[in-house]
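The values are calculated or read from the model by the stated rules, or taken from the named source; none is laboratory data. All figures in this text were calculated on a predicted structure; none of them were measured in a lab. Virtual Cβ from ideal backbone geometry, glycine too; neighbours counted across all protein chains shown.
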Amino acid sequence: MKRYRTMVALLAAAVLIPLGITAPAQAGGSPPGRYVADRDTKIDVMGEWAHPDDDTSIIGPCGVWNQRYGTKCGIIMVTRGEGGGNSAGNELGPDLGLRRENEDRVAHYRSGTVDIFNLDRVDFFYNQSAPLTQYFWDEEETLRRVTRVIRTTQPEIYVGFTPTLQAGHGNHQQAGRLIWEGVLAAADPTKFPEQLSGKNALSTWQVKKVFSGGSTAGTGGTTAAANCTTGFVPNPGTNLDTVAGVWTGYDSPYKWPAGNLQGKPVGSAKIWQQVADEGRAAYPTQSRVMYKGDSAPACSRFGMTQSFVPFQPNTLPDGTANPKAGLDDAILFGATKADPGGLPEGTLEYLTFSRFLNVAGEPFQATLHLKGSLPAGQAALTVPPGWTVSAPQQVGKVSDQKETTVTFTVTPSSTAAVNQNFKISALFTSGAKSGYTDNVVRIVSPTEGRFQRWGNWQEYDQWLADTAPQATRLGRSGAIQSLAVGKTLTLPVVVHNWSSQPQSGTVGLTLPANFTADAVSKPYPGLAPGAETTVTFQVTNTDTALPATQNVSIPITTTYSAPAGSGSETLTLSLVPSTTIAKATATPVVDGTASPGEYAGPTLDLGRVWQGAAGCTGVDDCGVSATGDGSTAKVSWSDDALYFFVHVRDDYQSYAVTPEECVGHWQADSVEILLDPRGNASEVLKDTANTFKLGIFPFTNDPANRNGNGANGPCWSRDADNHQGYSTGPLSIGNAPGVQVATNASWVGSNETTTPHAYTGGGYDLEVKIPLANLPAAVDPARLGLNITPYDNDDTSAAGTTTLRHIDMSTRLGWSALGSVQSDPYRWGKASLTGYTPPADRPTTPAPPNVSNPNLNGALSPQTIAQSARNDVPISGRVPTTQLKVRDVELNRSSIDLDISSAGAGTARLFAWTGLIGAIPVYTTSCSPEADPAPDYGLTPCAVTDGGYPAWSPDMSGHVVKQATAQVTEDTRRLSIPLTAAQRARLVADGRLLISFENSQDQVQAFDVRLKG
């Protein structure tokens, strides 16, 4: 802490010093010139996530680790979530990013997690595609920033999302991948070598443990006492990950204030689980509400997926639980604390294999890696029952300068189960000291037949093979495809010979009811070791209507000859509806009425729920129906436009949005129309970025008709598509010209529940015209992707209140109703446009997507600037500079004046700040701030009506007293910020000046100085 105390002393003297990256630190025993992070910069446990509120799982654990063991947590946050809706205000884009950054800091601040490293990547929209995320994030630049943050902060442990497709959101998948890629890149001197040389040179860094995608399934342990994983045993055979846990029932330093709603004794300690649950709710812009419960202790657990250091396994050799693995600090063993086995802290020990996918009965090599100051000893492997391994080996003295490796031959049992992972462990012993490690391999069929992956699934498997083979332990992609009802699918099966023997056999399909194929079994010829071939089937669905269950299973069985046997996988096939869109005999007039000749085609059933079923009580509530009696739609085309007539059954009007809130349609009653013009958006890895999606609100809170659609009339916006943003009214960005909407819905005139909120007639009708020129490419008349999805929100008022809230409590229905269907064009219905031909000059390739709202630049965030000035990590992981020198700062009677010099041109942004900066309250409370001081204030309710939103814009709840931007050149010597008397008075007591500087090379600096009058 010496460096930080010196900084404070200088600031007290009103001298502003640059706090960019300092020269590489030296530590005792470290090689000359090697960078070592000091304690202000060093992070022990680093988490990485995509958006604020993704990261709440570590609030309680980090609080316990910090309080009991001095562990310092940090978070890499790839985006600020500014691409989403706002349930608490009107901020969008960068302004919303500023607010959401604070919400995240509030959630974690009490746990001692004060370092949140925002990477300033764009948060665009919900999707399920890592490749699309890479496109928007600039994959290489994002990895560069992650790597710089890792090399600068030198974390020992890394936690976060799984990189697999099971993460769902494509941003989550990519954030999980960045964990694996960042760990590899930080340790690789060939990756971003510019970070390893020059004035601000860093050094390579090896993260010791990784918790990304691991399983915590098992039995035993407790939630009622400390060391809560004691007695825990992972599920035998199915969970091979080592599980570490921490009890969140310990008392935190935060006290229950007088008058607390929960009735807890005044001055008694909140347990860490209470702190975690309050933090988890600290995201009002994301439809979270103030936590008013009384938390019970819990046991947070983490499944480890990679380790480079010795650790404690959950079970001992006899199969009983290992008590050392049950300790609440077991996750730290080998990383920030010496492992109980006795090997010195800093020892590296890990296990690798010559290949991950192996065949029963065929040998492979396992290599134990050791590095550290270790005396001679012995290395031995333990393999599953029935497997064999070469004998234990003597190991000479191990050096801390280079790795020692010991290689063994392992032969799986000839009867080892296929499509299953198996654990192999290694034990290095030297005298009374020992170090344990393990890893897993997978047994596959000698010949494996897999449905040919496509789209995101193919890309994920390629990422595993090319970038992160160790992550293959989490599983390869699943077999997924879709098919329109009554249509034929080409079904290719790739047959690969993993064995060392030539193979031949057959590929067979087990077809469900209402399916036929050109053949149910086909042979494949002699296949050499390592070779592969493709066997193709034509599969036809014979349903005449969409079945009640849209997902069906098709088992694929592949036989082989040496030795004779078979293996299988199951294809999940989503059946989607199909329709023919006819040309209207009379061009529809958009008046909210379906007149004769306008909609002659079939009626589309919108009465299936795909999300939020618990919020719907029946057909009158949300339009759900299994008999076609719920919400419906009809579609026609005329004059290069599509026309829609949608009838929605609904018994309760939701919150009425203002023109500024005419985005985020899922937070109010609405209908979304989804169009994939080429029908291939998922195939080309663009998902909804190649589509047109229009969210339509049937009524608004717009009595002055600012939208121009009639007083309290409808509004619409595009979301999560090729050009998202406002599409109507004063905020329109011109992304849907010519769209027309008419409705019979009429707002009840109030967002108070004391006013009856029933729809006249039990629902509403929408009529919509969408010119096909608005779509991102010319429509392929034979394969238009189409879905129509009503959203039903009802009474969203908080308990004890009568005001509807602008939050998401929706039941979501659709023509094609599959989970997350809004982001999966391949699971939308299919439509053909009879007789339609697009204009010849209309492009068939979609334009590059435009997300409208940009991301926040961290140089514009006072909280980010203050953090960078404090911990020496450059803003957003960018390249640091020391170009700007601030020599003196004075708080004068009518201005703040700075003496500066700069070695080059750049932009300085200055924020005069008052009050605490680490965490600004996100909720109002009737609790006394004297009884519940910061940082706890605002998170405890003292009345059922607490939980409102403090004013935020335009000055971050009043904390930004004045801000200014200045262009700086080599000739600039002084900067001045004019102040009123009132502004000066606010700064005298606790004011500070926060400064960011960006030069022409996009390099950054941060400064923080206390102001003295």
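Annotations for the structure displayed:
- Residue count, segment 198-212 (criterion: at pLDDT 95 or above and either in a loop (DSSP other than H, G, I, E, B) or farther than 19 Å from Arg177 by Cβ (or both)): 8
- Condition check for Leu489: buried (at least 17 other Cβ atoms within 10 Å of the Cβ), touching a residue at least 12 places away in the same chain (Cβ under 8 Å) and assigned to a strand (DSSP E or B): yes
- Any hit, segment 51-62, residues being modelled with pLDDT of 95 or more, more than 13 Å from the chain's Cα centre (by Cα) and part of a loop (DSSP other than H, G, I, E, B): no
- Whichever residue in segment 180-239 is touching a strand residue (DSSP E or B) at 6+ places or on another chain (Cβ under 9 Å) and among the aromatic types (Phe, Trp, Tyr) and, among such residues, is farthest from Val149 (Cα to Cα): Phe232
- Residue under evaluation Ala951, criteria (1) part of a loop (DSSP other than H, G, I, E, B); (2) touching a residue at least 12 places away in the same chain (Cβ under 8 Å); (3) loosely packed, with under 13 Cβ neighbours inside 10 Å, criterion not met: (2)
- Conditions (1) closer than 30 Å to Thr754 by Cα; (2) buried (at least 24 other Cβ atoms within 10 Å of the Cβ); number of the one not met by Pro703: (2)
- For segment 152-187, a tally of residues being β-branched (Val, Ile, Thr) and over 16 Å from Gly303 (Cα atoms) returns 3.
Here's the yes/no breakdown for (1) part of a strand (DSSP E or B); (2) surrounded by fewer than 19 Cβ atoms within 10 Å (Cβ to Cβ):
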{"site": "Pro253", "(1), (2)": "yes, yes"}
{"site": "Asp277", "(1), (2)": "no, no"}
{"site": "Arg288", "(1), (2)": "no, no"}
{"site": "Phe302", "(1), (2)": "yes, no"}
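- Residue, surrounded by the fewest Cβ atoms within 10 Å (Cβ to Cβ), within segment 314-343, restricted to residues that are in a loop (DSSP other than H, G, I, E, B) and in contact with a Gly (Cβ under 6 Å, 6 or more places away or on another chain): Gly341
- Summed over segment 696-730, residues that are under 19 Å from Tyr655 (Cβ atoms), touching a strand residue (DSSP E or B) at 6+ places or on another chain (Cβ under 8 Å) and in contact (Cβ under 8 Å) with a residue 40 or more places away in the chain total 15.
- Any hit, segment 495-506, residues being at positive phi and loosely packed, with under 14 Cβ neighbours inside 10 Å: no
- Among the residues of segment 40-79, those that are aromatic (Phe, Trp, Tyr) and either surrounded by fewer than 22 Cβ atoms within 10 Å (Cβ to Cβ) or in contact with a helix residue (DSSP H, G or I) (Cβ under 6 Å, 6 or more places away or on another chain) (or both) comprise Trp49, Tyr69.
- Looking at segment 756-824, the strands (runs of 3 or more DSSP E) lying wholly inside it that each contain 2 or more residues that are surrounded by fewer than 22 Cβ atoms within 10 Å (Cβ to Cβ) and in contact (Cβ under 8 Å) with a residue 60 or more places away in the chain sit at 763-771.
- The sole residue among Thr472, Thr534, Thr516, Thr506 that is part of a strand (DSSP E or B), more than 30 Å from Gly829 (Cα to Cα) and out of contact with any His (no Cβ under 6 Å at 6 or more places or on another chain) is Thr506.
- Candidates Gly729, Gly725, Gly749 - the one that is assigned by TED's automatic domain parsing to the domain that holds Leu674, at pLDDT 95 or above and not hydrophobic (A, V, I, L, M, F, W, C): Gly749
- Residue count for segment 438-471, restricted to those that are within 21 Å of Ala531 (Cβ to Cβ) and among the hydroxyl-bearing types (Ser, Thr, Tyr): 2
- For segment 557-564, the count of residues that are of a type in the set (Phe, Trp, Tyr) and under 22 Å from Ile443 (Cα atoms) is at least one.
- Candidates in segment 260-275 are the residues that are hydrophobic (A, V, I, L, M, F, W, C) and not in a loop (DSSP other than H, G, I, E, B); of these, the one that is surrounded by the most Cβ atoms within 10 Å (Cβ to Cβ) is Trp272.
- Exactly one residue out of Gly762, Gly734, Gly800, Gly785 is assigned by TED's automatic domain parsing to the domain that holds Ser636 and modelled with pLDDT under 95, and it is Gly800.
- Of residues in segment 825-855 being without any contact (Cβ under 8 Å) to a residue 40 or more places away in the chain and not hydrophobic (A, V, I, L, M, F, W, C), the one surrounded by the fewest Cβ atoms within 10 Å (Cβ to Cβ): Asp841
- Some residue of segment 236-249 being without any contact (Cβ under 8 Å) to a residue 24 or more places away in the chain and over 18 Å from Gln470 (Cβ atoms): yes
- Matching residues, segment 537-550, being in contact with a Ser or Thr (Cβ under 9 Å, 6 or more places away or on another chain), assigned to a loop (DSSP other than H, G, I, E, B) and among the hydroxyl-bearing types (Ser, Thr, Tyr): Thr542
- Whichever residue in segment 445-467 is surrounded by fewer than 20 Cβ atoms within 10 Å (Cβ to Cβ) and outside any helix (DSSP H, G or I) and, among such residues, is nearest to the chain's Cα centre (by Cα): Thr467
- Leading residue by the ranking (nearest to the chain's Cα centre (by Cα)) among those in segment 722-743 that are assigned to a loop (DSSP other than H, G, I, E, B) and under 26 Å from Thr760 (Cα atoms): Thr728
- The residues of segment 315-344 that are under 16 Å from Pro234 (Cβ atoms) and basic (Lys, Arg) amount to a single one, Lys324.
- Contact annotation: residue pairs with Cβ atoms under 7 Å, 6 or more positions apart or on different chains, pairing a residue in segment 499-521 that is in contact (Cβ under 8 Å) with a residue 24 or more places away in the chain with a partner that is among the basic types (Lys, Arg), are Thr506/Lys522; Val507/Lys522.
- Evaluation of Ala931 against (1) under 24 Å from Glu91 (Cα atoms); (2) in contact with a Gly (Cβ under 8 Å, 6 or more places away or on another chain); (3) surrounded by 14 or more Cβ atoms within 10 Å (Cβ to Cβ) (one fails), failing number: (1)
- Restricting attention to segment 165-208, the residues that are more than 17 Å from Thr472 (Cβ to Cβ) and in contact with a Gly (Cβ under 7 Å, 6 or more places away or on another chain) total 2.
- Residue within segment 192-209 that is under 30 Å from Gln401 (Cβ atoms), of a type in the set (D, E, K, R) and surrounded by fewer than 18 Cβ atoms within 10 Å (Cβ to Cβ) present: yes
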